[in-house]
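> Dumping the structure here so I can ask a few things about it.
The values are calculated or read from the model by the stated rules, or taken from the named source; none is laboratory data. From a predicted model like this one, the values you see are computed outputs, not experimental measurements. Using ideal geometry, Cβ is built from the backbone for each residue, glycine included, and neighbour counts are taken over all protein chains shown.
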Amino acid sequence: MQGLIGLLKAAGSLMGLQPLLLIAAGIVVGIMAGAMPGVSPSMGVALMVPFTYAMDPSLALVYLAAIYLAANYGGSITAVTINTPGTPSAVVTAFDGYPLARKGRAGEALGVSLVASFVGGAVGILVLMLFSGPLAKVALKFWPAEYFSLAVLGLSTIASMGGQNALKSAISAVLGLLICTIGMDPVLGVSRFTFGNVNLFDGFEFIPMLIGLLALSEVFVEVEKFDFASESVAGAEKAKWPSLGYYWKLRLSMLRASVIGTIVGIFPGAGATIATFISYDVEKRFSSTPEEFGQGMPEGVAAAEASNSASVGGALVPMLTLGIPGSATAAVLMGALMIHNLQPGPELFVKSPELIYKLFASLLIGNVIMLILGLAGSRLWINVTRVRKQILFPLIFAFAMIGSYAVNSSMWDVMVCLGFGMFGWILKRYGYPLPPLVLGTVLGEMAEVNLRRAVMMAGPTAIFQRPGSVALLVVAALSFAIPIIQAGKARQRA
Amino acid sequence: MNNNRVRVLSVAVAAVLVLCLVSGAAAKDAFPAKPIRIINYVAPGGLMDVTTRKFTDVASKYTKAVFVVENRSGAGGLVGMEYVLGQPADGYTIFAPTTSVVIQVVSTNSSVDKYVWGFEWASMLMKDPECIISNRKLPTSDWVDIARDAKAKGGKQIWVGPSTGGNDHLMAMKVWDRAGISAMWIPFESGPKAMAALMGGQGVAYVGNPADTMGRPDLKVCAVSSDKRLKQYPDAPTFRELGLTGLDDEIMWRGFAVKKGTPPEAVAWLQELVEKVANDPEWKSFFEEQAIEVVAYKTDEFTRFVKKDLEDAQRYFKQFGIIK
């Protein structure tokens, strides 16, 4: 009750023109930062930190948190319209969002990604407000063994990703895992496949690799087809926007994904991207037409966007309760708080509870503002799908180069992007699906490092010694085996 | 575009060009004539990132120079160093290192001549004492208990911290060496993640700096490297009190370095600015609250610290088999 009063008071204090404008500005900046492939949510927040020096600390926090919230949605815009995820966590959004857009259903994809982000954001914030204390304790119970098993659970989703080509998607996933071995070994510091090149010490930068694999390879495929002359511009007819009833039908997908996103977001070593893969897989299993995932299923977009936005609330749980950032962006937020002489952690609740309530209230308000701005903005963004391919593809190419460069201002990353573009194109030509490869690169390091940590701590059987880890492994085994058994049965019947 | 507009535009362009020339000529007299970039080796939100951003904020009281903070993270600092070494030595690109990058050069077997002595270590900003942090909720929350537990476990005791071969790992080796114990170092992606592991009871000790316990009430400083107790942490004993000698001045420094060959006036300008900032009350209180000693050492003194770090790293990493 006291909490509710505090929250209402805080919300009331934010109802002035200045705070509301500040939140709105944060949302706009966040959407833009998310949508630009070279600017990650964490960089978007970091770039804005200097602007907050002169602000009241609580307003600074409100502003920066709004950016964080909106950046996870922003990433979906380019994922849907040009198959170039603006943030790593929007990769899965592109799996179905882009095919929808190509079919002339960009309105649906953009609408679903916005509404799902809104729902996910709201669920994440509510969980943060209500259960952050107990959840923080759970986060601490997650040892390396559990992280490894979570990564295995994530990897088991390739069983349902493969469709017809189980072998090819397995090969693709293994390639992804192998790519992760490049760089300095994170446990002992041994160089692996770096050939003394400093740029390779940390392996490949994620964003250039992703843009290359997804966006550039698509451009190369289209250039190879070279049928631009016959193209009828897909979006030329009036864009169709979904009705409320349409969203209502997706409510369960959004809710499930929101819960998964929040939970996975709480663990500092996991993150939004893994949450999107798991939610996507769950939706596929709940669906009556799983084979259509990847061809343009609104459920896929809803799952990805709800879970990555929900992870924002999740990632703030350990930050506020333990002083441990749950994500790279939460780490930047913590740094910003420290610059303002505020020490993030549980004492913040005691020392300045009004600040915490303000943060909660502003996230809730910001989420609504994001919905409104997003609805207006979608009318603009959809125009991208009306651009003819001859013009759009060179633009995507340029965008990919700039985005790759912007991550570290490094030409090396541009080369990485081009290299992976070619690699992705070759894989596509020979029918190897790319999503398992991306999944492998997302999970490879997490799986390797945590397995090694677990074994160093507790010996070779470490992952079977902890109940949480065993439970996750059992779920992973089932999730891997069931689709294969089902496929086998279906074949017998046929 | 009509003719009139073209004329207005060309006049405007000409005016801008002339202005540039004039300001260029004027700039020869005084450093800096253009924005100065500070290159961080950590991602946004990292320790040195927060430090440099705070520095530019405070420095704006004393200079009109424009600072741009850039993050070029990767390979524990080598990427950032490589970048700065590739820029002209004109003082407009400053590298923002900590002890960690020097140690990283040694542990990765990279060229000391290139990465360490390719720089002039111009300004040391602060000394942050190294310490051992334990978990209040575990039975091993005091150093005595940790040492006893280590002997009982015979090398199986777990210490958590950031990267293998980093400065905190080096500090752990020094402590093990002095205390005659052995333990395992389990590295995590970042300090906070390792602290989460300590809070979750995965290990018994974390090596870091006193400020790491701020905002994390479960953690406590159980031994600190300082000749006397820190006034911000009066309950934390020094290593000497605990019977470990030779660990009274183990610190993590933060500072600024420029590429060797940078004009002396640019270096002097930076050092002067650092001195002003070091005396600024806001800057001082920000760091002193974290038990960090604010300094403004210049090249000679800073270089002595760098040399000591190099020697320590080479010695202990050989002893513990990190390098050959």
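> Would you mind finding the one in B:LYS28, B:LYS54 that is modelled with pLDDT of 90 or more and basic (Lys, Arg)? Spell out the reasoning first.
Details: B:LYS28 fails: modelled with pLDDT of 90 or more.
None of the other options fit; the residue is B:LYS54.
> If you scan region A:166-190, which residues turn out to be modelled with pLDDT under 85 and either within 8 Å of chain B (Cβ to nearest Cβ) or buried (at least 19 other Cβ atoms within 10 Å of the Cβ) (or both)? Outline the logic, then answer.
Step one: filter region A:166-190 for residues modelled with pLDDT under 85, giving A:166, A:184-190.
Passing the criteria: A:MET184, A:PRO186, A:VAL187, A:LEU188, A:GLY189.
> In addition: Can you go through B:SER141, B:SER134 and tell me which one is more than 27 Å from B:GLU311 (Cβ to Cβ) and in contact with a Cys (Cβ under 6 Å, 6 or more places away or on another chain)? Give the steps one after another, and end with the answer.
On the way: B:SER141 fails: in contact with a Cys (Cβ under 6 Å, 6 or more places away or on another chain).
Every option except B:SER134 fails the conditions.
> For the structure I just gave you, tell me whether A:ILE82 is more than 19 Å from A:LEU359 (Cβ to Cβ) and β-branched (Val, Ile, Thr).
Details: more than 19 Å from A:LEU359 (Cβ to Cβ): yes; β-branched (Val, Ile, Thr): yes.
Taking the combined requirement at face value, the residue satisfies it.
> Could you run through region B:62-89 and say how many residues are more than 8 Å from chain A (Cβ to nearest Cβ) and part of a loop (DSSP other than H, G, I, E, B)?
9
> Now for a separate question. Looking at region B:216-230 only, could you name the residues that are in contact with a strand residue (DSSP E or B) (Cβ under 8 Å, 6 or more places away or on another chain) and part of a loop (DSSP other than H, G, I, E, B)? Walk me through it before giving the result.
Kept after step one, since they are in contact with a strand residue (DSSP E or B) (Cβ under 8 Å, 6 or more places away or on another chain), are these residues of region B:216-230: B:218-230.
Within region B:216-230, B:ASP218, B:SER225, B:SER226, B:ASP227, B:LYS228, B:ARG229, B:LEU230 meet the criteria.
> If you go through region A:132-150, how many residues are more than 14 Å from every other protein chain (Cβ to nearest Cβ) and either at pLDDT 90 or above or at positive phi (or both)?
Residues that pass the stated criteria total 2.
> Inspect all residues belonging to region B:125-135 and state whether any of them is at positive phi and either touching a His at 6+ places or on another chain (Cβ under 7 Å) or not hydroxyl-bearing (Ser, Thr, Tyr) (or both). Working first, answer last.
To start, the set of residues in region B:125-135 that are at positive phi comprises none.
Checked region B:125-135: no residue is at positive phi and either touching a His at 6+ places or on another chain (Cβ under 7 Å) or not hydroxyl-bearing (Ser, Thr, Tyr) (or both).
> Kindly evaluate B:ILE94 against the criterion of being more than 14 Å from chain A (Cβ to nearest Cβ), under 30 Å from A:GLY189 (Cα atoms), modelled with pLDDT of 95 or more and surrounded by 11 or more Cβ atoms within 10 Å (Cβ to Cβ).
Details: more than 14 Å from chain A (Cβ to nearest Cβ): yes; under 30 Å from A:GLY189 (Cα atoms): yes; modelled with pLDDT of 95 or more: yes; surrounded by 11 or more Cβ atoms within 10 Å (Cβ to Cβ): yes.
Against the criterion (more than 14 Å from chain A (Cβ to nearest Cβ), under 30 Å from A:GLY189 (Cα atoms), modelled with pLDDT of 95 or more and surrounded by 11 or more Cβ atoms within 10 Å (Cβ to Cβ)), B:ILE94 qualifies.
Each row is one residue, and each column tells you yes or no for (1) under 22 Å from A:GLY468 (Cβ atoms); (2) among the acidic types (Asp, Glu); (3) out of contact with any strand residue (DSSP E or B) (no Cβ under 8 Å at 6 or more places or on another chain).
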{"position": "A:PHE148", "(1), (2), (3)": "yes, no, yes"}
{"position": "A:SER160", "(1), (2), (3)": "no, no, yes"}
{"position": "A:SER169", "(1), (2), (3)": "no, no, yes"}
{"position": "A:ILE179", "(1), (2), (3)": "no, no, yes"}
{"position": "A:VAL190", "(1), (2), (3)": "no, no, no"}
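> Further, regarding this structure: Out of (1) touching a Phe, Trp or Tyr at 6+ places or on another chain (Cβ under 8 Å); (2) at pLDDT below 90; (3) not aliphatic (A, V, I, L, M), what's the single condition that is false for A:ASP227?
A:ASP227 satisfies all of (1) touching a Phe, Trp or Tyr at 6+ places or on another chain (Cβ under 8 Å); (2) at pLDDT below 90; (3) not aliphatic (A, V, I, L, M) except (1).
> Another question about this same structure. Which numbered condition trips up A:MET161, out of (1) more than 19 Å from the chain's Cα centre (by Cα); (2) touching a residue at least 24 places away in the same chain (Cβ under 8 Å)?
(1)
> Now for a separate question. Would region A:79-91 turn up any residue that is more than 24 Å from A:ALA376 (Cβ to Cβ), out of contact with any Cys (no Cβ under 9 Å at 6 or more places or on another chain), of a type in the set (A, V, I, L, M, F, W, C) and buried (at least 24 other Cβ atoms within 10 Å of the Cβ)?
Taking region A:79-91 and keeping what is more than 24 Å from A:ALA376 (Cβ to Cβ), we get A:88, A:91.
Still in the list and also out of contact with any Cys (no Cβ under 9 Å at 6 or more places or on another chain): A:88, A:91.
When the remaining residues are screened for being of a type in the set (A, V, I, L, M, F, W, C), the result is A:91.
Adding the requirement that they be buried (at least 24 other Cβ atoms within 10 Å of the Cβ) leaves A:91.
Scanning region A:79-91, I find at least one residue that is more than 24 Å from A:ALA376 (Cβ to Cβ), out of contact with any Cys (no Cβ under 9 Å at 6 or more places or on another chain), of a type in the set (A, V, I, L, M, F, W, C) and buried (at least 24 other Cβ atoms within 10 Å of the Cβ), so the answer is yes.
> Of these, A:LEU342, A:LEU375, A:LEU371, A:LEU355, which one is surrounded by fewer than 24 Cβ atoms within 10 Å (Cβ to Cβ), more than 20 Å from the chain's Cα centre (by Cα), more than 14 Å from chain B (Cβ to nearest Cβ) and hydrophobic (A, V, I, L, M, F, W, C)? If you could, list the steps in order and put the result at the bottom.
On the way: A:LEU342 fails: more than 14 Å from chain B (Cβ to nearest Cβ); A:LEU371 fails: more than 20 Å from the chain's Cα centre (by Cα); A:LEU355 fails: more than 14 Å from chain B (Cβ to nearest Cβ).
Among A:LEU342, A:LEU375, A:LEU371, A:LEU355, only A:LEU375 is surrounded by fewer than 24 Cβ atoms within 10 Å (Cβ to Cβ), more than 20 Å from the chain's Cα centre (by Cα), more than 14 Å from chain B (Cβ to nearest Cβ) and hydrophobic (A, V, I, L, M, F, W, C).
> Of everything in region B:97-126, what is charged (D, E, K, R) and either within 11 Å of chain A (Cβ to nearest Cβ) or crowded, with 22+ Cβ neighbours inside 10 Å (or both)? Give them in sequence order. Give the steps one after another, and end with the answer.
Applying the first criterion (charged (D, E, K, R)) to region B:97-126 yields B:113-114, B:120.
Scanning region B:97-126 gives a single hit, B:LYS114.
> Additional query: Under 8 Å between Cβ atoms, at least 6 apart or on separate chains: pull out the pairs that start in region A:33-62 with a residue that is more than 9 Å from chain B (Cβ to nearest Cβ) and end on any residue that is acidic (Asp, Glu) and part of a helix (DSSP H, G or I).
That search, which allows pairs on different chains as well, returns A:SER58/A:GLU354.
> Select from region B:299-311 the residues that are of a type in the set (D, E, K, R) and surrounded by fewer than 20 Cβ atoms within 10 Å (Cβ to Cβ) and list them in ascending order.
Selection gives B:ASP300, B:GLU301, B:ARG304, B:LYS307, B:LYS308, B:GLU311.
> Let me spell it out: the conditions are (1) surrounded by fewer than 20 Cβ atoms within 10 Å (Cβ to Cβ); (2) over 18 Å from the mean Cα position of the chain (by Cα), and A:SER156 meets all of them except one. Which number is the exception?
Answer for A:SER156: the failing condition is (1).
> Here is a follow-up. Filter region A:378-420 for residues that are farther than 30 Å from A:PHE201 by Cβ, buried (at least 18 other Cβ atoms within 10 Å of the Cβ) and polar (S, T, N, Q) and give the result.
A:SER378, A:THR385
> Given (1) surrounded by 23 or more Cβ atoms within 10 Å (Cβ to Cβ); (2) more than 10 Å from chain A (Cβ to nearest Cβ); (3) closer than 23 Å to A:VAL45 by Cβ, identify the lone condition not met by B:ALA59.
Every listed condition holds for B:ALA59 apart from (1).
> Could you check region B:186-218 and list, in sequence order, the residues that are more than 8 Å from every other protein chain (Cβ to nearest Cβ) and under 20 Å from B:ILE251 (Cβ atoms)?
Within region B:186-218, B:GLY191, B:ALA194, B:ALA205, B:TYR206, B:VAL207, B:GLY208, B:ASN209, B:PRO210, B:ALA211, B:ASP212, B:THR213 qualify.
> Checking the conditions here, which among A:ALA10, A:ALA71, A:ALA79, A:ALA66 is at pLDDT 90 or above, assigned to a helix (DSSP H, G or I), among the small types (Gly, Ala, Ser) and more than 15 Å from the chain's Cα centre (by Cα)?
Numbers: A:ALA10 fails: at pLDDT 90 or above; A:ALA71 fails: more than 15 Å from the chain's Cα centre (by Cα); A:ALA79 fails: more than 15 Å from the chain's Cα centre (by Cα).
Being at pLDDT 90 or above, assigned to a helix (DSSP H, G or I), among the small types (Gly, Ala, Ser) and more than 15 Å from the chain's Cα centre (by Cα) holds for just one of A:ALA10, A:ALA71, A:ALA79, A:ALA66, which is A:ALA66.
> Check whether at least one residue in region A:134-144 is among the basic types (Lys, Arg) and under 30 Å from B:ASP218 (Cα atoms), and report yes or no.
So in region A:134-144, the residues among the basic types (Lys, Arg) come out as A:137, A:141.
Cutting the leftovers down to under 30 Å from B:ASP218 (Cα atoms) gives us A:137, A:141.
Within region A:134-144, one or more residues are among the basic types (Lys, Arg) and under 30 Å from B:ASP218 (Cα atoms).
> Are there helices (runs of 4 or more DSSP H) fully within region B:231-324 with at least 1 residues that are touching a Leu at 6+ places or on another chain (Cβ under 8 Å) and in the same structural domain as B:TRP121 (by TED's automatic domain parsing)? List them.
So the answer is B:264-278, B:299-319.
> Additional query: For region A:1-31, how many residues are out of contact with any Leu (no Cβ under 9 Å at 6 or more places or on another chain) and closer than 20 Å to A:VAL45 by Cβ?
Number satisfying all stated conditions: 2.
> Something else about it: Kindly provide the set of residues from region A:320-329 that are more than 9 Å from chain B (Cβ to nearest Cβ) and assigned to a helix (DSSP H, G or I), ordered by number. Break it down stepwise before answering.
Here is the first cut: in region A:320-329, the ones more than 9 Å from chain B (Cβ to nearest Cβ) are A:320-321, A:326-327.
Passing the criteria: A:LEU320, A:THR321.
> Let me ask another. When you look at A:VAL264, is it closer than 25 Å to B:SER163 by Cβ, at pLDDT below 85 and surrounded by 15 or more Cβ atoms within 10 Å (Cβ to Cβ), yes or no?
no
> For region B:207-218, give me the residue count where each residue is under 18 Å from the mean Cα position of the chain (by Cα) and within 24 Å of A:ALA145 (Cα to Cα).
1
> Given the structure, is A:ALA330 aliphatic (A, V, I, L, M) and touching a Ser or Thr at 6+ places or on another chain (Cβ under 8 Å)? So that I can check it myself, show each step before the final result.
Numbers: aliphatic (A, V, I, L, M): yes; touching a Ser or Thr at 6+ places or on another chain (Cβ under 8 Å): no.
Here the answer is no, as A:ALA330 does not meet what is asked.
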